[in-house]
Amino acid sequence: FRIHRQASDVSLNWGISDPSSVVSFRIERSFDGDWFFEIDEVNCSPGNATYKYRDTGAFPGYLYYRVIAHLADGTTINSDVEMIRIVSKKG
């Protein structure tokens, strides 16, 4: 799981080893690295092992992201937390 600045947004990229076991991904953002809230959900496509998401709601400051995979058996797996510092909003 990696993030980087893309113009005025934040781009998230991640991969999975077994796409057949994943139903969807929940994208979460935090302002402090402790309290996360959902910003979107992405369905898993059969056979697709890499995913991208673009957060167009990013703003200056420290932002933390994680991706939570919802598996077919009802369990979830959290990614590592990644942090990015946005100094100013670029257009």
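The values are calculated or read from the model by the stated rules, or taken from the named source; none is laboratory data. Note that the structure is predicted; figures quoted are calculated from it, not measured. Cβ atoms come from the backbone with ideal geometry, glycine included; neighbour counts cover every protein chain shown. SASA here: full protein model, heavy atoms, side chains in, ligands and nucleic acids out. Shrake-Rupley method; radii C 1.70, N 1.55, O 1.52, S 1.80 Å.
What to note about this one:
- Residue satisfying all of: in segment 13-32; touching a strand residue (DSSP E or B) at 6+ places or on another chain (Cβ under 8 Å) and open to solvent by 70 Å² or more (accessible area, probe 1.4 Å); farthest from Ile84 (Cα to Cα) among these: Val23
- Scan of segment 1-12 for residues that are out of contact with any Ser or Thr (no Cβ under 7 Å at 6 or more places or on another chain) and open to solvent by less than 40 Å² (accessible area, probe 1.4 Å), ordered by number: Ser8, Val10, Ser11, Leu12
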